[in-house]
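Asker: Below is the structure I would like to discuss, written out as structure tokens.
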Amino acid sequence: EDKVVQSPLSLVVHEGDTVTLNCSYEVTNFRSLLWYKQEKKAPTFLFMLTSSGIEKKSGRLSSILDKKELFSILNITATQTGDSAIYLCAVEVLTSGTYKYIFGTGTRLKVLA
Amino acid sequence: DGGITQSPKYLFRKEGQNVTLSCEQNLNHDAMYWYRQDPGQGLRLIYYSQIVNDFQKGDIAEGYSVSREKKESFPLTVTSAQKNPTAFYLCASSTRTGLYEQYFGPGTRLTVT
């Protein structure tokens, strides 16, 4: 059974801290790994990773994929209160000729002023 | 403005009643998805559709039904057979399946009493 596991489940930090969120997966027919940020309702896209070892960066956020060890990390440096959200990891898989996304449970991040 | 709309934002129903959640997109996306989000469980796939008049069951399809008669629309019916229908429902779409991120609607919170 395909599985995506995120850790930690929740995290509380202070502004300015650096955080690392983890996503491990066990799936067949991996296509890509995606990170989303969910603040209130609709998740918004952050990164898509398909190749090992290539860091994707956007401002204070960065992410990397290790396809040998089957995990990805999302780093946030110099955290701000606006980073408080649920961070979702999803793995895209090919199954029975169609593509679908399997989500982890998410990591709830709270950044205190 | 392009995007995905879901209506209504909040929905209340009595147990035993079927209810239909609306999802419309004007992004010209081929693929559409329905997810359910419960506290601490991340997003779970209910149904997905890659093209008009075709759809596949996701991981938790029991008690739900969908149709895809138009490219823009993918309504979800929560039937009385769904044992725990109270949840937050998210609709998403993507350009095509495979290596494309999903765009999410704002969600519908369904409460059944």
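The values are calculated or read from the model by the stated rules, or taken from the named source; none is laboratory data. The structure presented is a predicted model; accordingly, all values stated were derived computationally and were not measured. So basically every Cβ, Gly included, is an ideal-geometry build from the backbone, and we count neighbours across all protein chains shown. When the accessible area is computed, the model is the full protein with side chains, heavy atoms only, and any ligands, DNA or RNA have been set aside. Shrake-Rupley method; radii C 1.70, N 1.55, O 1.52, S 1.80 Å.
Asker: Only one residue in A:106, A:97 is under 13 Å from the mean Cα position of the chain (by Cα) and small (Gly, Ala, Ser). Which one?
Answerer: Matching residue, one of A:106, A:97: A:106.
Asker: Which ones in the range A:5-24 are more than 16 Å from residue A:61 (Cα to Cα), within 13 Å of another protein chain (Cβ to nearest Cβ) and part of a strand (DSSP E or B)?
Answerer: Residues satisfying the conditions are A:5, A:6, A:7, A:10.
Asker: When you scan the range B:65-98, how many residues do you find that are touching a residue at least 24 places away in the same chain (Cβ under 8 Å) and open to solvent by less than 40 Å² (accessible area, probe 1.4 Å)?
Answerer: Counting residues in the range B:65-98 that are touching a residue at least 24 places away in the same chain (Cβ under 8 Å) and open to solvent by less than 40 Å² (accessible area, probe 1.4 Å) gives 19.
Asker: Which of the following residues is in contact (Cβ under 8 Å) with a residue 24 or more places away in the chain and over 23 Å from residue B:95 (Cα atoms): A:61, A:9, A:46, A:34?
Answerer: Criteria check complete, one pass: A:9.
Asker: Do you know which residues across the range A:38-53 are in a strand (DSSP E or B), over 24 Å from residue B:23 (Cβ atoms) and facing chain B (nearest Cβ under 10 Å)?
Answerer: The one that is in a strand (DSSP E or B), over 24 Å from residue B:23 (Cβ atoms) and facing chain B (nearest Cβ under 10 Å): A:47.
Asker: In the range B:32-47, how many residues are open to solvent by less than 40 Å² (accessible area, probe 1.4 Å), free of Cβ contacts under 8 Å to residues at least 24 places away in the same chain and either of a type in the set (A, V, I, L, M) or in a strand (DSSP E or B) (or both)?
Answerer: Qualifying residue count, the range B:32-47: 1.
Asker: Hey, among the residues in the range A:28-37 that are modelled with pLDDT under 95 and more than 8 Å from chain B (Cβ to nearest Cβ), which one's nearest to residue B:106 (Cα to Cα)?
Answerer: It comes out as A:30.
Asker: I'd like the residue in the range A:38-60 that is of a type in the set (A, V, I, L, M, F, W, C) and over 25 Å from residue B:6 (Cβ atoms) and, out of all such residues, is modelled with the lowest pLDDT.
Answerer: Applying the filter and picking the extreme gives A:54.
Asker: Quick one: residue B:101 ticks every box in (1) out of contact with any Pro (no Cβ under 6 Å at 6 or more places or on another chain); (2) crowded, with 22+ Cβ neighbours inside 10 Å; (3) within 20 Å of residue A:37 (Cβ to Cβ) except a single one, so which number is it?
Answerer: All conditions pass for residue B:101, except number (2).
Asker: Given the conditions (1) modelled with pLDDT under 95; (2) out of contact with any His (no Cβ under 8 Å at 6 or more places or on another chain); (3) within 11 Å of chain A (Cβ to nearest Cβ), report the number of the one that residue B:103 does not fulfil.
Answerer: Just one mismatch for residue B:103, condition (2).
Asker: Scan the range A:56-97 for residues that are of a type in the set (Phe, Trp, Tyr) and either open to solvent by less than 10 Å² (accessible area, probe 1.4 Å) or assigned to a helix (DSSP H, G or I) (or both) and report the count.
Answerer: 1
Asker: Any chance the range A:24-45 includes a residue that's open to solvent by 80 Å² or more (accessible area, probe 1.4 Å) and of a type in the set (S, T, N, Q)?
Answerer: Yes, the range A:24-45 has at least one match.
Asker: Okay, moving on. Taking the range B:1-31 only, how many residues are under 13 Å from residue B:92 (Cβ atoms), in a loop (DSSP other than H, G, I, E, B) and open to solvent by 30 Å² or more (accessible area, probe 1.4 Å)?
Answerer: Of the residues in the range B:1-31, 2 are under 13 Å from residue B:92 (Cβ atoms), in a loop (DSSP other than H, G, I, E, B) and open to solvent by 30 Å² or more (accessible area, probe 1.4 Å).
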